[in-house]
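See below for the structure under consideration.
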Amino acid sequence: QVRLVESGGGLVQPGGSLRLSCATSGATFSLYDMGWYRQAPGKQRELVATITTSHSTNYDDSVKGRFTISRDNVKNTVYLQMNSLKPEDTAIYYCKMSRGVLHYWGQGTQVTVSS
């Protein structure tokens, strides 16, 4: 059974930082592309960042230069370092594993950016 567990969310002031983690189990992590997505209230889920099995990364324009995605194939974990956070970054953040037609999601972690 594939399992993804996000952690690291919370309440932070504008300009602050958070580091999200997504620990996985039940699959060969190194064979999967990984991604972070977010969903704000009343909005559709959107892509934040992805990292491939070869560590190539891609970012939504709204987070470029502020967020960094990385992966640790020994710990089977993907990370999202978020700096210079803005109120508009407030959302539930989800991680996703992908390989061909296989896709698995975590349960999400809430990030709230507010003073």
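Working only within the stretch 27-38, note down all residues that are open to solvent by less than 60 Å² (accessible area, probe 1.4 Å) and of a type outside the set (A, V, I, L, M, F, W, C).
Selection gives S30, Y32, G35, Y37, R38.
Give the residues of the stretch 74-89 that are open to solvent by 60 Å² or more (accessible area, probe 1.4 Å) and either farther than 21 Å from V113 by Cβ or of a type in the set (S, T, Y) (or both), sorted by residue number.
The answer is V74, K75, S84.
Among the residues of the stretch 62-72 satisfying the criterion of being under 15 Å from the mean Cα position of the chain (by Cα) and not hydroxyl-bearing (S, T, Y), which is most open to solvent (accessible area, probe 1.4 Å)?
Among them, the one singled out is K64.
Quick check on this structure: which one of R19, R45 is in contact with a Phe, Trp or Tyr (Cβ under 9 Å, 6 or more places away or on another chain), open to solvent by 20 Å² or more (accessible area, probe 1.4 Å) and under 13 Å from M82 (Cα atoms)?
The match here is R19.
Here is a check on your reading of the model: is V78 under 21 Å from T24 (Cβ atoms) and either at pLDDT 95 or above or not polar (S, T, N, Q) (or both)?
yes
Would you check which residues across the stretch 29-81 are over 18 Å from S17 (Cβ atoms) and of a type in the set (K, R) and list them?
K43, R45, R71, K75
Condition first: under 17 Å from the mean Cα position of the chain (by Cα) and open to solvent by 30 Å² or more (accessible area, probe 1.4 Å). Now tell me which residues in the stretch 3-16 satisfy that.
R3, V5, S7, G8, G9, L11
Kindly check whether there is at least one residue in the stretch 33-48 that is more than 14 Å from E88 (Cα to Cα), among the charged types (D, E, K, R) and either within 11 Å of the chain's Cα centre (by Cα) or part of a strand (DSSP E or B) (or both).
The answer is yes, given that some residue of the stretch 33-48 is more than 14 Å from E88 (Cα to Cα), among the charged types (D, E, K, R) and either within 11 Å of the chain's Cα centre (by Cα) or part of a strand (DSSP E or B) (or both).
Here is a list of conditions, (1) on the phi > 0 side of the Ramachandran plot; (2) surrounded by 12 or more Cβ atoms within 10 Å (Cβ to Cβ); (3) small (G, A, S), and G100 meets all of them except one; can you say which number that is?
For G100, the exception is condition (2).
If the requirement is being farther than 21 Å from S7 by Cβ, surrounded by 12 or more Cβ atoms within 10 Å (Cβ to Cβ), in contact (Cβ under 8 Å) with a residue 12 or more places away in the chain and more than 14 Å from the chain's Cα centre (by Cα), which of these qualifies: T53, T112?
T53
Please indicate, with yes or no, whether at least one residue in the stretch 90-97 is over 10 Å from the mean Cα position of the chain (by Cα), among the aromatic types (F, W, Y) and either surrounded by 13 or more Cβ atoms within 10 Å (Cβ to Cβ) or under 11 Å from V111 (Cβ atoms) (or both).
No, every residue in the stretch 90-97 fails to be over 10 Å from the mean Cα position of the chain (by Cα), among the aromatic types (F, W, Y) and either surrounded by 13 or more Cβ atoms within 10 Å (Cβ to Cβ) or under 11 Å from V111 (Cβ atoms) (or both).
Whether any residue in the stretch 57-68 is closer than 22 Å to V2 by Cα and not hydrophobic (A, V, I, L, M, F, W, C) is what I want to check.
No, the conditions are met nowhere in the stretch 57-68.
The values are calculated or read from the model by the stated rules, or taken from the named source; none is laboratory data. Quick caveat, the model's predicted, so the values are computed rather than measured. Reconstructed Cβ throughout: ideal geometry from the backbone, glycine too, with neighbour counts over all protein chains shown. The protein model used for the area step is the full one, side chains on, heavy atoms only, and it has no ligands, DNA or RNA in it. Shrake-Rupley method; radii C 1.70, N 1.55, O 1.52, S 1.80 Å.
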